[in-house]
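See below for the structure under consideration.
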There are 2 protein chains.
Amino acid sequence: MLKRTVFFVSESTGITAETLGHSLISQFEKTVEFTTIYKPYINTAEKAQELVDRFNRLYQEQGYAPIVFATMAEPEIRVMLKRSSCLYIELFDTFIGPLSKELGVNPSGERGRSHGITNGDRYENRMSIINFAMTNDDGARLDKYDQADVILVGVSRSGKTPTCLYLAMHFGLRAANYPLTEEDFEQNKLPDVLLKHRQKLIALTIDPMRLSRIREERRPGSRYASLHRCQSEVRQALQYFTRHQLTVIDTTSYSIEEISSRIMNTIRTA
Amino acid sequence: MLKRTVFFVSESTGITAETLGHSLISQFEKTVEFTTIYKPYINTAEKAQELVDRFNRLYQEQGYAPIVFATMAEPEIRVMLKRSSCLYIELFDTFIGPLSKELGVNPSGERGRSHGITNGDRYENRMSIINFAMTNDDGARLDKYDQADVILVGVSRSGKTPTCLYLAMHFGLRAANYPLTEEDFEQNKLPDVLLKHRQKLIALTIDPMRLSRIREERRPGSRYASLHRCQSEVRQALQYFTRHQLTVIDTTSYSIEEISSRIMNTIRTA
């Protein structure tokens, strides 16, 4: 198998370089084995020179140039890296030119604004949104549902918690969740506290076989994890969801990002 | 002020398009007011045609073409969007060509792999990592520290919880955190359970003024939020950190992404 070394480089967090870079190399993973190295905060000529030396050394040792995904604002550092023995792929600046031309406006040159703190209020607001997801997890605080942007409802281990956290962290949504338990199934209806906020509810469902496997890991051999119990819970939950015409998302074969963006898509009907 | 409409379009989650697109337009925000619209899951010709009609309509109404940031694998849909009245910026495919040439390998054409579930195990592993951060928050389960990749230590509200969640969600790290409390300060030392895992510890500190402001929001007028108490806690915590030569990160003016990538940078010394 081919082997190549990949660097994600930035003068800031490098999160864009890492995310998009990983996504790009995943297109070649069947034939190439990649070693990935993460290098954020390359913000001085000294640090850049160290990297240049490393690239040149790797090229000599391996006979192949390392592949460098970068978001580098500083032109001098960019030139240093570009001139070394590497395939330099600039993920940010590539697009600034065309965009600037279309808008007829020069870029501000300030970088990292999407991830930096532009002002304290925004940071505190974000903290409070993440706290909201933490303290409203697992039906812990039913009295706060009027403050929620969205309330996820589903059986235990259907994916509510990580989805809420992702919605909070990435999309800035106040996300609460409510786990349907045996008690709710005995009542044969969704609890009133949920129905009061029906327009905020989004239901998660999951394949019972998969649910059983996930629960089995948590409590091996338990009734809670048994296929029979999982099948019965999922079936009853789906009946509730249909009765109240909730939007239902099947989490069985989706990642947290996919579930979250599906939820965003149903909310932002813009 | 100039006004422009921006779309983030993808046949999948569109998270790459949204993240990088936002970062790009932030360079022009001082002079242009952007309205942003998120359009994931454009995966049929019908959905694409709806968008094309919308772009054309917007162009007629506003006199300016909407700006479209896209990660679109399907060539036919890409062509449809490109031919409409918009500035079409393809964030993914732009780089696939040069990469493919350098590697001498054709891309697999499978998309969304970075965010999709490639196999069940990986998904369950990720869930378990996020659960680890949730259940090991706020010093809740000291007995699990041997399983942690990293343990954040700091006073209450110094940024431990959201950082742990981000480390778990984005970097797949098992992250626990321990809040230093009055009890720890009375003992005049870090608790033994932490010292046992000294090599995993990363310390967070924060400006006392800012800390007081953050705590004030949580418990207004409390002793907990008083500047005096915040100053004393931060000072004592820093003494402990210095005594045990811990890596200290000041969270005062950094975002969660920045704090997390600094932590990754100290851990992955590759």
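The values are calculated or read from the model by the stated rules, or taken from the named source; none is laboratory data. Just so you know, these numbers come straight off a predicted model, no measurement behind them. In this analysis, Cβ positions are derived from the backbone assuming ideal geometry, glycine residues included, and neighbour counts consider all displayed protein chains.
Would you confirm whether or not region B:257-265 contains a residue that is within 14 Å of chain A (Cβ to nearest Cβ) and loosely packed, with under 13 Cβ neighbours inside 10 Å? Taking every residue of region B:257-265 in turn, none turns out to be within 14 Å of chain A (Cβ to nearest Cβ) and loosely packed, with under 13 Cβ neighbours inside 10 Å. Considering only region B:24-40, state which residues are within 25 Å of A:Ile263 (Cβ to Cβ), touching a Gly at 6+ places or on another chain (Cβ under 8 Å) and not in a strand (DSSP E or B). Result: B:Pro40, single match.
Checking A:Arg213, A:Arg223, A:Arg219, A:Arg198 one by one, the residue that is surrounded by 12 or more Cβ atoms within 10 Å (Cβ to Cβ) and farther than 25 Å from A:Ala148 by Cα is A:Arg213 and no other.
Within region A:243-253, the set of residues being polar (S, T, N, Q) and closer than 17 Å to A:Gln187 by Cβ is empty. Here A:Asp93 clears all of (1) of a type in the set (D, E, K, R); (2) surrounded by fewer than 20 Cβ atoms within 10 Å (Cβ to Cβ); (3) in contact with an Asp or Glu (Cβ under 7 Å, 6 or more places away or on another chain) except the condition numbered (3).
Among the residues of region A:243-251, some residue qualifies, meaning at least one is within 25 Å of A:Asn131 (Cβ to Cβ) and at pLDDT 90 or above. Entry remark, region A:1-38: residues being within 17 Å of the chain's Cα centre (by Cα), closer than 20 Å to A:Ile77 by Cα and aliphatic (A, V, I, L, M) number 2 in total.
Residue pairs whose Cβ atoms lie under 6 Å apart, sitting 6 or more positions apart in sequence or on different chains, and linking a residue in region B:24-50 that is more than 8 Å from chain A (Cβ to nearest Cβ) to a partner that is of a type in the set (D, E, K, R), are B:Glu33/B:Lys3; B:Phe34/B:Arg4; B:Ile42/B:Glu11; B:Asn43/B:Glu11. Can you tell me which residues in region B:162-218 are at pLDDT 90 or above, of a type in the set (Lys, Arg) and either on the phi > 0 side of the Ramachandran plot or over 20 Å from the mean Cα position of the chain (by Cα) (or both)? Matches in region B:162-218: B:Lys196, B:Arg198, B:Lys200, B:Arg210, B:Arg213, B:Arg215. Looking across A:Phe55, A:Phe95, one residue alone is at pLDDT 90 or above, out of contact with any strand residue (DSSP E or B) (no Cβ under 6 Å at 6 or more places or on another chain) and assigned to a helix (DSSP H, G or I). It is A:Phe55. Would a scan of region A:67-90 turn up a residue that is of a type in the set (Asp, Glu) and under 30 Å from the mean Cα position of the chain (by Cα)? The answer is yes, given that some residue of region A:67-90 is of a type in the set (Asp, Glu) and under 30 Å from the mean Cα position of the chain (by Cα).
As a summary of the residue check, A:Thr19 satisfies the conditions (1) touching a residue at least 24 places away in the same chain (Cβ under 8 Å); (2) in a helix (DSSP H, G or I); (3) hydroxyl-bearing (Ser, Thr, Tyr) except for the one numbered (1). Apart from one condition, B:Leu167 fits all of (1) out of contact with any Leu (no Cβ under 7 Å at 6 or more places or on another chain); (2) within 21 Å of A:Ala133 (Cα to Cα); the exception is (1). Those residues that are within 20 Å of A:Ile96 (Cα to Cα) and either small (Gly, Ala, Ser) or surrounded by fewer than 19 Cβ atoms within 10 Å (Cβ to Cβ) (or both), I need them from region B:43-84; list them, please. Residues satisfying the conditions are B:Tyr64, B:Ala65, B:Ala70, B:Lys82. B:Thr19 meets all of the listed conditions (1) within 19 Å of A:Glu18 (Cα to Cα); (2) modelled with pLDDT of 90 or more but one, namely (2). Among the residues of region B:131-141, just one is among the hydrophobic types (A, V, I, L, M, F, W, C) and surrounded by fewer than 16 Cβ atoms within 10 Å (Cβ to Cβ), namely B:Ala140.
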